[in-house]
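Enquirer: This is the structure I have questions about; it appears just below.
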Amino acid sequence: MNFRLSACLAALAFGVAEPAAADTLIDNIQGIALDEDGNVDRFSAMWIDDDGRIKQLLDRGDERPTGVDFLTDGKGNYVIPGLIDAHAHVMGIGFGALTLDLSGTTSLEEAQALIREYAAANPGRRWILGRGWNQEKWGLGRFPTAAELDAAVPDRAVWLQRVDGHAGWANTMAMDLAGITPSTKDPVGGRIERIGKSLRPAGVFVDAAAELVEQVVPAPRPDDRDVALAQAQDILLAHGITAVADMGSTIEDWQSFRRAGDSGWLRMRIMSYAAGVEAMQLIGGPGPSPWLYEDRLRLNGVKLYLDGALGSRGAWLKEPYADDPGNTGLPLVTPAQLRNMMSRAALDRFQIAVHAIGDAANAEVLNAIDELSHTYTGERRWRIEHAQIVDPADIAKFGRHGIVASMQPVHQTSDRLMAEARLDPPRLAGAYAWRSIAGTGAVLAFGSDAPVESPDPFAGMAAAYTRQDAAGEPFGGWLPGERVTREAALLGFTHGGAYAGFAEDRFGRLEPGLWADFVIVDRDPFLATPAELRETRVLQTWVGGERVYLAADRATGR
């Protein structure tokens, strides 16, 4: 598909931002600022200097500056710090919006109908690509099959990623193009689902096995990537997200980020973590990049994978799954390989972020950090991404060596029933244990893992302090002792995310000297009920003293 014209239009649209390079007073607001400890300060006006940094926060009785270039009336709305998603996949968000989305389907039949409809509406596409399916949500009790995908689209290759990105679903034509046969062996760190007790591939490929199909899927062109980046920015800014940690940037992704920065349409901040050591070396060379484009882009470090996900039973557990005896998940690398990759990155001071979901994976990463910290000293801010299931005996280790726990509150509400099926009660005691982990002294950095989940940070905040989903279930919250306060929830989506990316002296709080990254919303997040918080409307989003999103523009299509 050719998105060149769309890319140009998107770039032009993003090029309109106001005001810029002028001092600005945002007055008549109900401002909410948090310090590093989560203490709340309220103010009624914000003075922004010519460079786009906060000059002063003003109380109601303070004298207003005169002669400012721009005066904006906040109309009594609420101003909060720019929100930071500490774990997302930027290009995945963009491509997810441009391809088939199955995340809303609740049955196999509904998914098949949507796939069939999408294929009919896009007759020129040789491959049907998409993501978002979830056999647990469908109540299927098993993975879907190639035959069931053939029933929807038999004459074109189809490849659909599971909602968590840790498994893919292929039809027969896609498997034929990839040369997959009953004799194809499971790769290290991956599993080909088979039909019954035979060797015949069933159509689902877990973790590293997905690469067997992905290697023949046509790669997006540079202009496709630019359109996806423009789309992702549009989505994130509309949710009030001013900065994001991109977990798993490829060299192609990085080049798109750079094109956006060079051309002036990079409107948000991206803290990039390369997709493995090879990409890290290609992008960063001798070390992390400098901050670029007025602190809008930096390669911080590297994202490594140790295990898969609970939904595909790829998360690495110390004991077998309660609903799949004999299966402890899939460690994607050996302990020695993990330490070698971490050492290679740490040697050149790249920050290390390791994906670990199961209790065995978390224990292995914690032990590796403990060992490597004796060699690689100084402030490293080792990151563990997800930290979903932790052996209660290992939780105290998060308080050592300045570890950052990068966690996604919405995973708890989405995964609750599945986690109860996969794990027994003793292991659930360390599931999504935000409060316990924070209690060790570890910093919580909250995110969404979008497009696995919605990037909506207000849903994430509501989940963090209630442990309930949008329907208010379960009553009283799931394992309510792991709830955090409202202040801690907002801090996790602001300062926590900035700290996790070595950016706390640049953005993440509303404080003189920091970039004026803020969001104007229609309600007070500390006074709204959980249901009201989830309905928060973002009115404006500002980055570096420039307005980069206006709800009225989106509503009118301008």
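The values are calculated or read from the model by the stated rules, or taken from the named source; none is laboratory data. Remember, it's a predicted structure, so these values are computed and weren't measured experimentally. Don't worry about glycine lacking a Cβ; one is built from the backbone with ideal geometry, like all the others, and counts go over all protein chains shown.
Enquirer: Working only within the range 443-467, note down all residues that are small (Gly, Ala, Ser), surrounded by 24 or more Cβ atoms within 10 Å (Cβ to Cβ) and under 18 Å from Ala232 (Cα atoms).
Expert: Gly447, Ser448, Ala450
Enquirer: Go through the range 424-482 and count every residue that is farther than 17 Å from Ser406 by Cβ and among the hydroxyl-bearing types (Ser, Thr, Tyr).
Expert: Selection size over the range 424-482: 3.
Enquirer: Kindly list, by first and then second residue, each pair from a residue in the range 467-495 that is free of Cβ contacts under 8 Å to residues at least 24 places away in the same chain to a residue that is surrounded by 14 or more Cβ atoms within 10 Å (Cβ to Cβ), limited to pairs with Cβ atoms under 7 Å and residues at least 6 apart or on different chains.
Expert: Gly477/Thr466; Gly477/Arg467; Gly477/Gln468; Gly477/Arg483; Pro480/Arg467
Enquirer: Restricting the first residue to the range 400-412 and requiring it to be over 14 Å from Phe493 (Cβ atoms), which pairs with a second residue that is aromatic (Phe, Trp, Tyr) and in a strand (DSSP E or B) meet a Cβ separation below 9 Å and a spacing of at least six or different chains?
Expert: none
Enquirer: Ok, one more. If we keep just the residues of the range 414-455 that are part of a helix (DSSP H, G or I) and among the polar types (S, T, N, Q), which is nearest to Ala243 (Cα to Cα)? Outline the logic, then answer.
Expert: So in the range 414-455, the residues part of a helix (DSSP H, G or I) come out as 414-422, 425-428, 434-439.
Checking the rest, the ones that are also among the polar types (S, T, N, Q) come to 414, 436.
Details: Ser414: 24, Ser436: 27 Å.
Among those residues, the one meeting the criterion is Ser414.
Enquirer: Residues in the range 327-358 that are of a type outside the set (Ser, Thr, Tyr) and not in a loop (DSSP other than H, G, I, E, B): how many? Break it down into steps so the answer makes sense when it comes.
Expert: Narrowing the range 327-358 to residues of a type outside the set (Ser, Thr, Tyr): 327, 329-333, 335-342, 344-358.
Adding the requirement that they be not in a loop (DSSP other than H, G, I, E, B) leaves 335-342, 344-347, 351-356.
Total satisfying the criteria: 18.
Enquirer: A follow-up question, please. Go through the range 368-413 and give me each residue that's assigned to a loop (DSSP other than H, G, I, E, B), within 12 Å of Ala353 (Cα to Cα) and out of contact with any Phe, Trp or Tyr (no Cβ under 7 Å at 6 or more places or on another chain).
Expert: Those that are assigned to a loop (DSSP other than H, G, I, E, B), within 12 Å of Ala353 (Cα to Cα) and out of contact with any Phe, Trp or Tyr (no Cβ under 7 Å at 6 or more places or on another chain): Arg380, Trp382, Ala387.
Enquirer: Here is a follow-up. Tally time: how many residues in the range 185-200 are under 17 Å from Leu330 (Cβ atoms) and either without any contact (Cβ under 8 Å) to a residue 24 or more places away in the chain or not acidic (Asp, Glu) (or both)?
Expert: Filtering the range 185-200 for residues under 17 Å from Leu330 (Cβ atoms) gives 185-194.
Narrowing the set further to residues that are either without any contact (Cβ under 8 Å) to a residue 24 or more places away in the chain or not acidic (Asp, Glu) (or both) leaves 185-192, 194.
Residues flagged as under 17 Å from Leu330 (Cβ atoms) and either without any contact (Cβ under 8 Å) to a residue 24 or more places away in the chain or not acidic (Asp, Glu) (or both) within the range 185-200 amount to 9.
Enquirer: What are the residues in the range 294-326 that are assigned to a loop (DSSP other than H, G, I, E, B), touching a strand residue (DSSP E or B) at 6+ places or on another chain (Cβ under 9 Å), modelled with pLDDT of 95 or more and of a type outside the set (A, V, I, L, M), if any?
Expert: Listed by number, the residues that qualify are Glu294, Asp295, Arg296, Asp307, Trp316.
Enquirer: Out of the range 259-274, which residues are surrounded by fewer than 16 Cβ atoms within 10 Å (Cβ to Cβ) and either part of a helix (DSSP H, G or I) or of a type in the set (A, V, I, L, M, F, W, C) (or both)?
Expert: Within the range 259-274, Asp262, Ser263 qualify.
Enquirer: Here is a further query. Limited to the range 109-138, what total is found for residues that are more than 21 Å from Asp449 (Cα to Cα), in contact with a strand residue (DSSP E or B) (Cβ under 9 Å, 6 or more places away or on another chain) and of a type in the set (A, V, I, L, M)?
Expert: Counting residues in the range 109-138 that are more than 21 Å from Asp449 (Cα to Cα), in contact with a strand residue (DSSP E or B) (Cβ under 9 Å, 6 or more places away or on another chain) and of a type in the set (A, V, I, L, M) gives 5.
Enquirer: Could we say that Ala178 is among the aliphatic types (A, V, I, L, M), surrounded by fewer than 23 Cβ atoms within 10 Å (Cβ to Cβ) and farther than 24 Å from Ala208 by Cα here?
Expert: no
Every residue, every condition in (1) under 13 Å from Leu306 (Cα atoms); (2) within 23 Å of the chain's Cα centre (by Cα); (3) buried (at least 20 other Cβ atoms within 10 Å of the Cβ); (4) modelled with pLDDT under 95, yes or no:
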position: Ser343; (1), (2), (3), (4): no, no, no, no
position: Leu347; (1), (2), (3), (4): no, no, no, no
position: His355; (1), (2), (3), (4): yes, yes, yes, no
position: Gly358; (1), (2), (3), (4): yes, yes, yes, no
position: Asn362; (1), (2), (3), (4): yes, yes, yes, no
position: Ser373; (1), (2), (3), (4): no, no, no, no
position: Arg380; (1), (2), (3), (4): no, yes, yes, no
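Enquirer: Quick check: anything in the range 410-427 among the hydrophobic types (A, V, I, L, M, F, W, C), in contact with a strand residue (DSSP E or B) (Cβ under 6 Å, 6 or more places away or on another chain) and either surrounded by fewer than 24 Cβ atoms within 10 Å (Cβ to Cβ) or on the phi > 0 side of the Ramachandran plot (or both)?
Expert: yes
Enquirer: Okay, next question. Report the residue count in the range 171-190 for those that are under 17 Å from Ala147 (Cβ atoms) and over 32 Å from the mean Cα position of the chain (by Cα).
Expert: Residues in the range 171-190 being under 17 Å from Ala147 (Cβ atoms) and over 32 Å from the mean Cα position of the chain (by Cα): 3 in total.
Enquirer: Which count do you get for residues in the range 301-340 that are basic (Lys, Arg), closer than 13 Å to Val206 by Cβ and within 19 Å of the chain's Cα centre (by Cα)?
Expert: Going residue by residue through the range 301-340, those that are basic (Lys, Arg) are 303, 313, 318, 339.
After this cut, where a residue has to be closer than 13 Å to Val206 by Cβ as well, the list is 313.
From the residues that got through so far, the ones that are within 19 Å of the chain's Cα centre (by Cα) too are none.
Looking only at that region, the number is 0.
Enquirer: Can you list residue pairs whose Cβ atoms sit under 9 Å apart, with the first residue in the range 275-287 being surrounded by 22 or more Cβ atoms within 10 Å (Cβ to Cβ) and the second being outside any loop (DSSP other than H, G, I, E, B) and among the hydroxyl-bearing types (Ser, Thr, Tyr)? Count only pairs 6 or more apart in sequence or on different chains.
Expert: Short answer, once both residue conditions are applied: Ala275/Ser249; Ala279/Ser249; Met280/Tyr273; Ile283/Ser249; Ile283/Ser272.
Enquirer: Let me ask something else about it. Run Arg142 past the list (1) over 27 Å from Trp316 (Cα atoms); (2) exposed (fewer than 15 other Cβ atoms within 10 Å of the Cβ) and report the number of the one that doesn't hold.
Expert: Of (1) over 27 Å from Trp316 (Cα atoms); (2) exposed (fewer than 15 other Cβ atoms within 10 Å of the Cβ), only one is false for Arg142: (1).
Enquirer: Quick one: Val206 ticks every box in (1) within 29 Å of Ala113 (Cβ to Cβ); (2) surrounded by fewer than 23 Cβ atoms within 10 Å (Cβ to Cβ); (3) in contact with a strand residue (DSSP E or B) (Cβ under 9 Å, 6 or more places away or on another chain) bar one, so which box is it?
Expert: That leaves (2) as the condition not met.
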